[in-house]
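Below: one structure, written as structure tokens.
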Amino acid sequence: MDVGAAMRAAVVRAFGAPPSWSDFPEPAPEPGERVVAVSAAAVNPLVLTRASGAHYSAGTQLPFVAGVDGVGRSAEGDRVYFRVGRPPYGSLAERVPVPASRTLPVPAGVSDVTAAASAIPGVSSWIPLTRLAPVRTGEAVLINGATGSAGRMAVQIARHLGVDSVIATGRDPAKLHELNSLGASEVVPLGEPWDAFRSRVRELVQEVRVGVVIDYLWGPSAEAILAALGGPAAPRGSARVRYVSVGAITAEAVALPSAVLRSSGVEILGSGIGASPDAEIVEGTREFFAALEQRKFRVDAEEQPMPSVERNWGRTGGERRLVFTLP
């Protein structure tokens with residue numbers, strides 16, 4: 001690292017505080033890396049939890065640059081999507097060093113902002129539904145926490161992959177019913193009493209053959225869904241249900257009685273950093289971008305100049321993805 005040269009970046013100097021747009025050492029590529037001039041980088045739950053120091057993949061050494069992926073131009077002029085590799089560099093910066101193996105071309109029909117906004121939300125369900133727990137013909141998919149950007153994308157991806165029945169859960173009634181226009185067959189409101197929620201889920205899994213659950217929430221809703229899949233009244237004689245935990249927005253832990261697993265045949269899988277090899281994630285992202293260009297999935301994004309990152313840091317939640325850009 002050349003400590004004598006500097007660039008501008010969104011620098012995290014204290015966990016839990018917004019990053020500041022300030023000077024940071026200019027990156028020098030190591031063997032196997034390329035330096036990318038960043039044009040767009042999104043803030044998603046992973047970026048936020050890493051910046052707060054709460055994510056399991058977060059380092060503890062300060063300062064560092066926020067951001068995990070983005071779009072930019074290589075030194076050769078190629079427009080590429082990238083995932084960051086080497087701390088302390090992140091994607092919310094003028095430039096970032098990236099392993100060449102973690103870059104791929106962005107299709108001509110996908111803008112920088114759309115690619116940056118949709119890649120991680122899209123891959124969060126694309127990888128499970130095509131690799132970790134491939135959805136099979138005739139199976140339904142249940143998406144727990146479908147009103148956020150990743151869940152909304154998951155509904156569209158499931159339908160694109162040929163799923164006829166997509167069950168979606170969420171708290172906000174207005175946002176929940178918008179999912180019908182994206183392809184949800186059934187929507188189920190989340191919340192207490194959990195007995196009523198569990199009963200409704202059990203009714204649905206008895207009507208359609210749920211093969212995969214994509215869960216962005218974990219916590220009480222996961223407990224209720226798992227109980228609906230198991231127990232004395234569980235549907236019998238169906239294929240095993242692959243339950244994929246992608247996020248833990250509501251809680252980090254669940255109570256999981258042994259009887260639920262023994263009576264249901266549920267297989268619990270995890271999808272996140274470390275669950276899939278880099279090459280698989282890159283190829284899955286390439287496939288997702290091709291589908292995005294073809295199907296024009298709905299991507300809700302708001303563009304803001306990257307130097308405003310500190311001022312806008314508190315507006316980064318919800319289903320509308322905030323994308324910071326540089327000219």
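Mind listing whichever residues of region 243-294 are in a helix (DSSP H, G or I), under 19 Å from the mean Cα position of the chain (by Cα) and either polar (S, T, N, Q) or exposed (fewer than 13 other Cβ atoms within 10 Å of the Cβ) (or both)?
ASP278, ALA279, THR285
Does ARG240 fit the bill of being in a helix (DSSP H, G or I) and either among the β-branched types (Val, Ile, Thr) or in contact (Cβ under 8 Å) with a residue 12 or more places away in the chain (or both)?
Spelling it out, it is not the case that ARG240 is in a helix (DSSP H, G or I) and either among the β-branched types (Val, Ile, Thr) or in contact (Cβ under 8 Å) with a residue 12 or more places away in the chain (or both).
Can you tell me which residues in region 83-109 are assigned to a loop (DSSP other than H, G, I, E, B) and in contact with a Ser or Thr (Cβ under 8 Å, 6 or more places away or on another chain)?
VAL84
Applying the selection to region 31-48, what residues are in a strand (DSSP E or B) and in contact with a Lys or Arg (Cβ under 9 Å, 6 or more places away or on another chain)?
Result: GLU33, VAL35, VAL36, ALA37, VAL38, SER39, ALA42, VAL43.
In this structure, is PRO307 outside the structural domain of ARG136 (by TED's automatic domain parsing), free of Cβ contacts under 8 Å to residues at least 60 places away in the same chain and farther than 17 Å from PRO45 by Cα?
So PRO307 fails the test.
How many of the residues making up region 33-54 are within 26 Å of ARG79 (Cα to Cα), at pLDDT below 95 and not aliphatic (A, V, I, L, M)?
2
Could you tell me how many of the residues in region 133-178 are over 18 Å from PHE197 (Cα atoms), surrounded by 24 or more Cβ atoms within 10 Å (Cβ to Cβ) and of a type in the set (A, V, I, L, M, F, W, C)?
Number satisfying all stated conditions: 6.
Tell me the residue from ALA301, ALA290 that is within 14 Å of ALA119 (Cβ to Cβ), in contact with a helix residue (DSSP H, G or I) (Cβ under 9 Å, 6 or more places away or on another chain) and of a type in the set (Gly, Ala, Ser), please.
None of the other options fit; the residue is ALA301.
Would you say ALA116 is touching a residue at least 40 places away in the same chain (Cβ under 8 Å), under 22 Å from ALA154 (Cα atoms) and not hydroxyl-bearing (Ser, Thr, Tyr)?
Yes.
From the set of residues in region 127-177 that are over 15 Å from ARG242 (Cβ atoms) and acidic (Asp, Glu), which is modelled with the highest pLDDT?
Once the filter is applied, the top-ranked residue is ASP164.
Residue by residue through region 175-189, note down the ones that are over 17 Å from ARG159 (Cβ atoms) and either touching a residue at least 40 places away in the same chain (Cβ under 8 Å) or among the aromatic types (Phe, Trp, Tyr) (or both).
LYS175
The values are calculated or read from the model by the stated rules, or taken from the named source; none is laboratory data. Remember, predicted model here, so these are calculated numbers, not experimental data. Note that each Cβ is placed from the backbone with ideal geometry, even for glycine, and that neighbours are counted across all protein chains shown.
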